[in-house]
1. Report the net charge of residues surrounding T247, where surrounding means a beta-carbon distance below 13 angstrom and charges are Lys +1, Arg +1, Asp -1, Glu -1.
2. Rounded to the nearest 0.05, what FRET efficiency is calculated for Y530 and D407 with R0 set to 45 Å and r the Cβ-Cβ distance?
3. In nm², what is the average projected area of the convex hull enclosing the Cα atoms of the range 331-421?
4. If the cut-off is 17 Å between C-alpha atoms, which lysines fall inside it for K394, apart from same-chain ones fewer than 8 positions away?
5. For a quick check of understanding: with a 1.4 angstrom probe and all protein chains in place, what accessible area in square angstrom does S241 have, to the nearest ten?
6. What are the ³J(HN,Hα) values, in whole Hz, obtained from phi via the Karplus relation 6.51 cos²θ - 1.76 cosθ + 1.60 with θ = phi - 60°, for each residue of the range 500-514 in sequence order, with x given for Gly and Pro?
7. Going highest first, how would you order 527-540, 265-278, 42-55 by mean Cβ packing within 10 Å?
8. What lysines does K201 reach when the alpha-carbon gap must be under 25 Å and sequence neighbours fewer than 8 apart in one chain are set aside?
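The values are calculated or read from the model by the stated rules, or taken from the named source; none is laboratory data. It should be emphasised that the depicted structure is a prediction, and the values quoted were computed from it without experimental measurement. Don't worry about glycine lacking a Cβ; one is built from the backbone with ideal geometry, like all the others, and counts go over all protein chains shown. Note: accessible area is taken over every heavy atom of the protein model, side chains too, but ligands, DNA and RNA are not part of it. Shrake-Rupley method; radii C 1.70, N 1.55, O 1.52, S 1.80 Å.
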Amino acid sequence: MNKRIFSKLLVFLLLGNMLLGMVDLASSAAIAAAAPVNHTYYVDSTGGNDANNGLNEGQAWKTLDKVNAMHYEPGDLIQFKAGGIWTGQLWPRGSGAPGAPIKIGKYGSSASKPLIDGGGTVENVVYLSNQQHWEISELEITNQAAEEGVRRGVYVFADNAGILSHIYLTNLYIHDVRGDNSFTGTGKGTGGIYFYVNRDKSKALSELTQTRFDDILLENNTIERVGRSGISMLTEWQKDSFKYWSTGVMVRNNRLSYIDGDGIILIGMEQPVMEYNVISNANYVCGPNQSRPGYNGGWAVGMFPFFSEGTKMQYNEVYATRSTQDGQAFDIDGNNNNALMQYNYSHDNEGGFALVMVDNYAKGSRTTNATIRYNISQNDKNRVFSISNVSNVKVYNNTIYVGSELDTMIWWHKPAGTGSDPNGQSIVVPAVDNIAYNNNLIYNLGSGGYTVNNGTNISFSNNWYYGNHPQSEPAENGKAFRQTDPKLVNPGSGGTVTDLVYRSDILPGYKLQNTSPLIDAGVRIGGLDYIGLKDFWGGPALVGSQPDIGAHEFQGTRSFEPQFGALFSYGAEEGISDDTALKNTLDDGVVSAIAVEVSDYHLETSSVASNMALTR
């Protein structure tokens, strides 16, 4: 090759590489410019100054006005000084991004959380509007006033905004918020924490952007003395004709007490979870004052979903809910499908343990396919279960204890009736339908009974009835044999637990002794896969060939004395006369005088003796 040509080619290649390098540098610079610049801003109510830049503790801002005037970027952090006090509203602007939320927290050595006090003069102490990717924690929030009104601790608002994701509220202390305790209007949307999705009802659906929340976490918050609701989440997109429900909602490990109305309300949610929460003294004002002239604040419970799909309420403790204006610990409210209530501890609630109901105001649509299992109810009052106009409900393996001083009704079914649609027109509200009660332990020392004749396709099977036996007690095949002492460790000793996270060690009084006749005395629930299913304490829900009765599945070695009188009485009642039939009664926990070996059991002696026992 000609040297001159080669030299020109070499220069061309060198220039090309330089140009490519410049392009790479430009691209890198562009990427660097696009990456979020994370800033930490400090706020000090006593030592700060709004003229500062806020970027270190020595240059801290002072007021909420300064914080609110800033538009924050993904990854930014706003730190309030512990022990500081601010009055007014906190409404920081901007949104974070996936993986880079904007965070609010605290700094400093004081053990006190930064306090933001609405003073009763603002509706919302902490406010977000059409914003997303925020994590707010470690604040104390209050909004007290002399009179009721529209007030909230935290308000997260959405309207015509599409999907708003990742709002985390954790470790907040919200207290003394004087809201609106009316049953209708703004009432249920005031109190501690409120998420609300608006829908402009004056416009056609085609003119609006469907809006909902996704990835919502409310965890480790303490909420006290607020009204009307402790935690409330509502969407105006919840009806079936325009269903667009919020997703990824988790309400976990919160402590709520002295709530004027409902503790936790979730409306218009897909697969929400409420777990490990402790709620005491809900309906504290609304129910007891229902009769006050001009006041309609009653009808509240510990927690409930409404217009939702696949709700889980599990590992919660709810107690001392006031009033019989509802007043239950838990409620599967109107227009719910596939709700699951499991592993909860309910005690001393004036209205009872569980309400399952239809929404009379929703054109007769029904709550369906609810499951209530492996819960413990101790000394709940009025009605343990209130089943109102719903269909397809399974109630199994619950333990119900009613003390001798109570007249609690155990099961109550509401008869068919009429209601009103949204236009005020009368509609038929049907009776309960297809309700099955199986393997429940009713330890009823009180004087209450049952109202279960209202409804269709109601079945009772293998429930254990001990103590009081009123004439209204449901009839069951073989029930006469399932009335002896269930031999719990220490029934009625539950008290207040306050933490079901480590539930393997709690409520030992409701476990079965190794001599309990409830062991293996249950029936398998049709269609239920027992693989992986747990009992109340977290053990396998099936040990042996049959489940136990009640919330406890005995995990150890079974041993009990024979009950010959009960055996032969039961045999005569059921027309049992041959040895084969007697052998089959072993699965009900009775030792016959015949030396046999049965699946899962071994008879230790072939002679009839008082010390004869079975082991599993």
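1. Details: positive: R212, K243; negative: D214, D215, E270, E309.
Result for the local shell: -2.
2. Numbers: r = 36 Å, r/R0 = 0.81.
After rounding, the FRET efficiency stands at 0.80.
3. On the way: hull surface 22.7 nm².
Seen from a random direction, the Cα hull of the range 331-421 projects 5.7 nm² on average.
4. By straight Cα distance, K394 reaches K312, K414, K534.
5. For S241, solvent-accessible area is about 100 Å².
6. 9, 5, 9, 6, 5, 10, 9, 6, x, x, 9, 7, 7, 6, 6
7. Working: 527-540: 14.4, 265-278: 23.6, 42-55: 16.9.
Per-residue mean Cβ counts within 10 Å order the peptides as 265-278, 42-55, 527-540.
8. K188, K239, K243, K363
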